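Here the structure is laid out as structure tokens; the discussion comes afterwards.
The values are calculated or read from the model by the stated rules, or taken from the named source; none is laboratory data. A quick note: this is a predicted structure, and the numbers were derived from the prediction, not measured. So basically every Cβ, Gly included, is an ideal-geometry build from the backbone, and we count neighbours across all protein chains shown.
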Amino acid sequence: MPMARASSGLAYPERFYAAAAYAGFGGSPNSSKAVISKFQNDVALLLYGLYQQATVGPCSVPKPRAWNPLEQSKWTSWHGLGNMASTEAMRLFVKILEEEEPGWYSTVPEFVVEPVVDVEMNVSSLKNPKSESVTQNGNSFPEPKTISIENGGMETQDKDVVLEGLGSVGVYGQWVQPSISGQRPKARYEHGAAVVQDKMYIFGGNHNGRYLNDLQVLDLRNLTWSRIEVKARPESLESLSPVPMAPCAGHSLIPWENKLISIAGHTKDPSETVTVKAFDLQTCHWSTLKTYGKPPVSRGGQSVTLAGSTLVMFGGEDANRALLNDFHILDLETMTWDEIEAAIGVPPSPRSDHAAAVHAERYLLIFGGGSHATCFNDLHVLDLQNMEWSKPMQQGDIPSPRAGHAGVTVGENWFIAGGGNNKSGVSETVVLNMSTLVWSVVTTVQGRVPLASEGLSLVVSSYNGEDILVSFGGYNGRYSNEVYVLKPSHKSTLQSKIMEMAVPDSGTALHNTTNATRDIESEVEAGQEGKLREIIMDNIDSESLNVKSEENKERLLTALKAEKEELEGSLTKEKLMSLKLKQELAEAETQNTDLTKELQSIRGQLAAEQSRCFKLEVDVAELRQKLQTMETLQKELELLQRQKAASEQAALDAKQKQRSGGVWGWLAGTPTSQKTDEASE
């Protein structure tokens, strides 16, 4: 796995040794005294066995005598681990300690643990050099560090050098760690970072395997940290809904219209699909944005890049750790998702923790990333107009495979820092000229510093007209909350141009797209002027040598002036045509804006009609139920009517029978009236 992909495991053995020192193993002078004594006996014995397995290897010592039960229990715990690998023992040791003591890592003293290990990861020595610290605003921080730069000598970070904000950066092409004031955020990686109006916002992330949901801001003018208190959202907005922000990591943070858009990311209780949330920088509240279309499946470790007014999402890892290579577009004006399934060409293999950039608002570049078993250093390009994938040939100092790196674009240059592979963090900061696809190395750091870690963030800000890169956080065995800045020089651009001259085919890697009408005008002017110069030079080369008299010279000049006037007339016509095209383009953009508004209006009407339709369906269902009741009552009424008719018919029959009996009596000689009188007597 890539180095810090194991938030549940280890990227480096340092975290294990820090945990061992905390638990009282290893005899470190900085370790807590008898901390392990507060654990349950079975936990303490298991930690002992794992520590021995990680540092010594499988148990090969004989079983101690029975009269020493403590040593026998320790031997049983160690021996029961069998042939478990040392790295797995380290991982389990840290995992168990974090379950028993979740906050142990924040109490570890600031010292660097550098174990000297061989290929089999068996420890031969352990060094615990101490580092001095300074107290600032009641918080203890290490002194400014010295970073060894491979191609720039030794760079010492002196707090006296810092003058004010980013203006203190006077070194080009090297990472500098400036002095920061204010309460630093909790160390983290896999967080989101974005710059809005000279302020860098940090949201969420992963610390000790736990997700965060705080929002921090670094004022880049005076380099001061502060925390934003999130307010309750007003309930008057219909398109938004109040939401308590769940802690997350591996998400993307994008600035858009004075808002911070947080999209995707891993959470403790993931949803089925990607959610889009926005933080309003004016009202300081979070809201969930309503989207249309088919949203992507939930994920983390994806790339989300802003291209015009759309967000381009690629890849990532879903909640079940399945790697993805799907491609989705979210239109921020209509908030509609669109999944691109019919792209031409071969897309990148499924991956997460890669870097992405958009060049000239047309080309999406995907670099690196990792799967569950390996890391990549391939480069893929998607033409967003033709929806065609390609894998162009890279030139220059091609970077090594990596995952968890961060990238930011400055003009046509794409800077990439950090990341890790299966063995260690990546120390080179590289830059890609996106027009020529030529790589070059900006600088290289030495030592285990946050710049050579995974899950760091990288943004760009401007100071006095100069672009400055700002890096924060990361994980390389230790979680970081350090800030580093770099002022790019023109050296990387010059190296790319030199490589472009050396490699003729590299210039055709990508075609830059600019404003269409501006291209027409510039190409017409350049073409006509070039044609004019060509005609002049051809005439001079072929005729000037034969012109010996003033008369021939005047004829030549007259002809050239006529040709020039003709070409200038043609150029004027082309400019008029270009102006007309500009006007048509403006009209088309206006029409497009009107159509977009009309589409939104129609969508609103459709939503209202849909609500009305739903209400009508409910009314129809109620009427059907009443109709069924009426039909039942009608059947009961018909039954009662039949019963009544039957009763009346029976009574009539009885009367007729009684009358018929009286007639037969009369015929027998006894009238009915007489019988009645006799009966009454």
Could you give me the residue pairs with C-beta distances under 6 Å whose first residue belongs to segment 339-367 and is at pLDDT below 90, whose second residue is part of a strand (DSSP E or B) wherever it lies, and which are 6+ apart or on separate chains?
E339/H328; I340/F327; A343/W389; I344/E388
Exclusive hit being surrounded by 14 or more Cβ atoms within 10 Å (Cβ to Cβ) and under 20 Å from L212 (Cα atoms), set L289, L253:
L253
Whichever residue in segment 420-441 is within 23 Å of the chain's Cα centre (by Cα) and over 19 Å from Y484 (Cβ atoms) and, among such residues, is surrounded by the most Cβ atoms within 10 Å (Cβ to Cβ):
L432
Over segment 402-419, the set of residues under 18 Å from the mean Cα position of the chain (by Cα) and either in a strand (DSSP E or B) or modelled with pLDDT under 95 (or both) is R402, A403, A406, G407, V408, T409, W414, F415, I416, A417
Give the residues of segment 304-346 that are among the charged types (D, E, K, R) and either assigned to a loop (DSSP other than H, G, I, E, B) or farther than 19 Å from A249 by Cα (or both), sorted by residue number.
D318, R321, D326, D331, E333, D338, E339, E341
Take L571 and tell me if it is in contact (Cβ under 8 Å) with a residue 12 or more places away in the chain, touching a Ser or Thr at 6+ places or on another chain (Cβ under 8 Å) and in a helix (DSSP H, G or I).
no
Among the residues of segment 463-481, is any of a type in the set (D, E) and closer than 22 Å to G209 by Cβ?
no
Which count do you get for residues in segment 325-376 that are surrounded by 16 or more Cβ atoms within 10 Å (Cβ to Cβ) and in contact with a Gly (Cβ under 8 Å, 6 or more places away or on another chain)?
20
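Yes or no, residue by residue, for (1) at pLDDT 85 or above; (2) within 26 Å of L456 (Cβ to Cβ):
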site: M1; (1), (2): no, yes
site: A21; (1), (2): no, yes
site: P29; (1), (2): no, no
site: A34; (1), (2): no, no
site: F39; (1), (2): no, no
site: A44; (1), (2): no, no
site: G57; (1), (2): yes, no
site: W78; (1), (2): yes, no
Just name the residue that is surrounded by the fewest Cβ atoms within 10 Å (Cβ to Cβ) out of those in segment 228-250 that are at pLDDT below 70 and among the charged types (D, E, K, R).
E238
Every pair of residues 6+ apart whose Cβ atoms lie under 6 Å, when the first sits in segment 186-207 and is touching a residue at least 24 places away in the same chain (Cβ under 8 Å) while the second is among the polar types (S, T, N, Q) and surrounded by fewer than 23 Cβ atoms within 10 Å (Cβ to Cβ):
A187/S480; A187/N481; V195/S461; G204/N213; N206/S7
Please work out if E563 is at pLDDT 75 or above and surrounded by 12 or more Cβ atoms within 10 Å (Cβ to Cβ).
yes
Given the conditions (1) in contact (Cβ under 8 Å) with a residue 60 or more places away in the chain; (2) part of a loop (DSSP other than H, G, I, E, B), which single one is not true for N386?
(1)
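Considering only residues that are polar (S, T, N, Q) and more than 32 Å from the chain's Cα centre (by Cα), which ones fall in segment 572-619?
Answer for segment 572-619, where residues must be polar (S, T, N, Q) and more than 32 Å from the chain's Cα centre (by Cα): T572, S578, Q583, T590, Q591, Q605, Q610, S611.
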Unique residue being of a type in the set (G, A, S) and in contact with a helix residue (DSSP H, G or I) (Cβ under 8 Å, 6 or more places away or on another chain) when the list is G369, G418, G447
G418
Enumerate the pairs (first residue in segment 316-328 and of a type in the set (V, I, T); second residue anywhere and at pLDDT 95 or above and surrounded by 21 or more Cβ atoms within 10 Å (Cβ to Cβ)) with beta-carbon separation below 9 Å, excluding pairs fewer than 6 apart on the same chain, so at least 6 apart or on different chains.
none
